[in-house]
Amino acid sequence: MPNYVVPAPAQAFLPIKGSDALFPIRRIFCVGRNYAEHAIEMGSDPTREPPFYFTKPADSVVINDADMPYPTVTKSLHHEMELVVAIGVGGKSIAVADALKHVWGYCAGLDMTRRDIQNEAKKTGRPWDMGKGFDQSAPMGLLVPAAGVNPGKGLIELKVNGKVTQTSDLSKLIWSVPEVIANLSELVELAPGDLIMTGTPEGVAAVVRGDVLEGVVEGVGTVRTKIV
Ligand code: MN
């Protein structure tokens, strides 16, 4: 073991459905505005924009249906229900046709957002980091292996306290999973352990303490958290 001068960080991970094995998380990339109806509700033109990305820290993941503490410094905590892609084989300049060979698996996830801080950052041209990449900002469900999952089609839905707030289909992704992997791999070399949150459909809204969030991605799985 190296002689680190402060305690080394714990390895962030995702549990895997039906297995004791774990998926180690390296980085979390998130795609902005990847469903047309959500881009419109955020005030953008969905037709003209190439994909863009922001990140969350690896240790922002909340696992195993654990509670999510209401974060500090916001009065507008929004939910964003998303399909999450887990990269198993790294690469750069990956071709769209080869992209799915780089995927280890998928899970359902929530890109929780301090919307007021993000909106202020947009207005002032500042980074989104503190609106998006705060502690415990990414509840995620169990990871499932890629075999048998079609990331191009299937219901994506979120219920808050049993009531549907977001509902769409993966076929409505503006940039498909293979296209996102190919595009992102031009910007950075992808590596095993990287997660990609692929964007949220319309219906984002604020939650408060006590709310129970239950999301599903058809053919992939569920994510559940309570805001405390
Ligand atoms: Mn998002």
Can you work out which of the residues in the range 35-56 that are within 16 Å of GLU179 (Cβ to Cβ) and of a type in the set (Ser, Thr, Tyr) is modelled with the highest pLDDT? TYR53
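Does GLY210 qualify as being more than 21 Å from PRO46 (Cα to Cα), free of Cβ contacts under 8 Å to residues at least 24 places away in the same chain and either part of a helix (DSSP H, G or I) or in contact with a Leu (Cβ under 9 Å, 6 or more places away or on another chain) (or both)?
Details: more than 21 Å from PRO46 (Cα to Cα): yes; free of Cβ contacts under 8 Å to residues at least 24 places away in the same chain: yes; either part of a helix (DSSP H, G or I) or in contact with a Leu (Cβ under 9 Å, 6 or more places away or on another chain) (or both): no.
No; evaluated as a whole, the condition is false for this residue.
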Any chance you could count how many residues in the range 122-156 are surrounded by fewer than 21 Cβ atoms within 10 Å (Cβ to Cβ) and either within 16 Å of the ligand (Cβ to nearest atom) or of a type outside the set (A, V, I, L, M) (or both)? 18
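Would you mind stating whether VAL89 is within 17 Å of LEU14 (Cβ to Cβ), within 13 Å of the ligand (Cβ to nearest atom) and among the aliphatic types (A, V, I, L, M)? Steps first, answer last, please.
On the way: within 17 Å of LEU14 (Cβ to Cβ): yes; within 13 Å of the ligand (Cβ to nearest atom): no; among the aliphatic types (A, V, I, L, M): yes.
No.
Could you tell me whether the range 29-49 includes any residue that is of a type outside the set (Gly, Ala, Ser), away from the ligand (no atom under 16 Å from the Cβ), loosely packed, with under 13 Cβ neighbours inside 10 Å and touching a residue at least 40 places away in the same chain (Cβ under 8 Å)? Break it down into steps so the answer makes sense when it comes.
As a first pass, look at the range 29-49 and keep what is of a type outside the set (Gly, Ala, Ser): 29-31, 33-35, 37-38, 40-42, 45-49.
Then keep just the ones that are away from the ligand (no atom under 16 Å from the Cβ); that gives 45, 47-48.
Subsequent filtering for residues that are loosely packed, with under 13 Cβ neighbours inside 10 Å retains 45, 47-48.
Those still in the list that are touching a residue at least 40 places away in the same chain (Cβ under 8 Å) too: none.
Taking every residue of the range 29-49 in turn, none turns out to be of a type outside the set (Gly, Ala, Ser), away from the ligand (no atom under 16 Å from the Cβ), loosely packed, with under 13 Cβ neighbours inside 10 Å and touching a residue at least 40 places away in the same chain (Cβ under 8 Å).
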When residues of the range 164-173 are filtered for being over 13 Å from GLY215 (Cβ atoms) and more than 16 Å from the ligand (Cβ to nearest atom), how many remain? 2
Conditions first: (1) out of contact with any helix residue (DSSP H, G or I) (no Cβ under 8 Å at 6 or more places or on another chain); (2) on the phi > 0 side of the Ramachandran plot; (3) among the charged types (D, E, K, R). LYS122 passes all but one, so which condition is the exception? (2)
The residue from LEU173, LEU190, LEU143 that alone is of a type outside the set (Phe, Trp, Tyr), at negative phi, touching a Ser or Thr at 6+ places or on another chain (Cβ under 7 Å) and at pLDDT 95 or above is LEU173
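Report, by residue number, each residue of the range 174-210 that is of a type in the set (Ser, Thr, Tyr) and either within 13 Å of the ligand (Cβ to nearest atom) or under 14 Å from the mean Cα position of the chain (by Cα) (or both). Reasoning before the result, please.
Step one: of the range 174-210, the residues of a type in the set (Ser, Thr, Tyr) are 176, 185, 198, 200.
Answer for the range 174-210, where residues must be of a type in the set (Ser, Thr, Tyr) and either within 13 Å of the ligand (Cβ to nearest atom) or under 14 Å from the mean Cα position of the chain (by Cα) (or both): THR198, THR200.
Which of the residues belonging to the range 61-79 are within 16 Å of the ligand (Cβ to nearest atom) and touching a Pro at 6+ places or on another chain (Cβ under 9 Å)?
Taking the range 61-79 as the starting set, the residues that turn out to be within 16 Å of the ligand (Cβ to nearest atom) are 61-62, 68, 71, 74, 76-79.
VAL61, VAL62, MET68, LEU77, listed by residue number.
The values are calculated or read from the model by the stated rules, or taken from the named source; none is laboratory data. Every value quoted in this text rests on a predicted model; they were computed, and no experiment measured them. Methodologically, a virtual Cβ is constructed for each residue, glycine included, from the backbone with ideal geometry; neighbour enumeration extends over all protein chains shown.
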